């Protein structure tokens, strides 16, 4: 039996065109349109009747005619599957959805079963449809992740994960330096013989990622440790294979008290360096230094005795290195490995990238001038005949012989107590050494020579002043002829004869 549709004349084939609106379709819609076009292609290209095409494709004839009409009217866009008008809408009241979301956002974070139980009780009381467990699960897992983090983990965690930040990027070497501290995952032997975890302070050049300076200390970060690392970073290195030095144009640090001290701000002003501080409680934008700490931890400390990463059992008993040995190991890693290995972001070794700028770093006039700015350990002392007394040690230098009894200011490097720098009236005087610690010693001959020279100098000054006094007194002293004749003294009366004491003497009896 032949249907009525079979007797209807077939529509002539239409040319295939792609309207501009096709670019506005999503990928699933575009794919569905192409699938439907492939089904209609035998009819469009070869004039296969719709009835036969419906039998072959297993699709109702009315559906094929609807697709064909949409294609002729709107082109390929008309064949795209349209989304449902009620997509994303649930069959439960919106107020119940908000209740489920509010329960899921409570602190502490409740379980899905708890949220489902409470929401079902409220729905039964209000006469709403009882939500299924799957519905509650779907609603809670569709919550905005930022909203969940803010509700359950607080503002600080939200800032860390979702706040938009500005990342500074230097355009040349020594334009921006970054500094930060971290407590190392390694135990060392302290001078008292007990194990301790040291702190590492690192200063990094933002442009090249090269390490400009570092300091290792057992005490917590302070303005002193920052100044010592800054001093090493600025001055020329004693190691010939470590070239990074100079005064930076800007210094990017966090808002800790060790970086915001009045002294360090004055140092920045004297060095003509602009400081940039992170917002209090928001140490953002210093991920480059944090990445450097992770590199030191993984590639340097992991191979040293006493290494104890976080989450592992206490390994304080495995400490073998002293603080000086750890500092030497980190310095060797910085010079021989880190500064010479291509960086994952810049693609070049840090030291090579720093040197590629073809510039002359800006340096202070002398190391003494830099120390006067940076070394915050300044102690007033009095020069004694046997030298300067400090920390139960004596510091000597031949120049001190001329300043015995004078008040001076000493500045010292806590990492090297073998010598101190002596300043007298804000002027550098000398470097006094401790014979017990320094490799260079002051002999008794040197002390005797300095002592005799000082004594001769003082005697010369005495003779000079005595000659001036005698000369001035002789000028103003009158001559003998100008003096008045002395008068004859009056005769003094004879003194009375004291009476003989009436004392008994036993020998006269």
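Read the figures in this text as sums done on the coordinates, not as results from a lab. Small disclaimer: the values here were computed from a predicted structure and weren't measured. Virtual Cβ from ideal backbone geometry, glycine too; neighbours counted across all protein chains shown.
For residue 462 and residue 51 in the same chain, what is the full-extension length gain: residue separation times 0.36 nm, less their Cα-Cα distance, in nm?
Stretched fully, the residue 462-residue 51 segment lengthens by 134.6 nm.
Label-point separation (nm) for residue 384 and residue 402, each offset 7 Å from Cα along Cα-to-Cβ?
Computed distance between label sites residue 384 and residue 402 equals 2.4 nm.
Quick one: if you stick a label point 7 Å off each Cα along the C-beta vector at residue 348 and residue 190, how many nm between them?
4.4
For residue 366 and residue 425, compute 0.36 nm times the residue count separating them, minus their Cα-Cα distance, and round to one decimal in nm.
Computed gain between residue 366 and residue 425 is 19.4 nm.
Does anything in segment 219-246 have its amide N under 20 Å from the 7 Å Cα→Cβ label point of residue 183, and if so which residues?
219-226
At residue 298 and residue 220, where each label point lies 7 Å from the Cα along Cα→Cβ, what is the point-to-point distance in nanometres?
Output for this residue pair reads 3.0 nm.
Grab the Cα-Cα distance for residue 394 and residue 452, subtract it from 0.36 nm times how many residues apart they are, and report the gain in nm with one decimal.
Computed gain between residue 394 and residue 452 is 18.8 nm.
Could you rank the peptides 298-310, 66-78 by their average count of other C-beta atoms within 10 Å per residue, with the highest value first?
Going from most to least packed, we get 66-78, 298-310.
What order do you get for 217-230, 325-338, 137-150 when each peptide is scored by the mean count of other beta carbon atoms within 10 Å, highest first?
217-230, 325-338, 137-150
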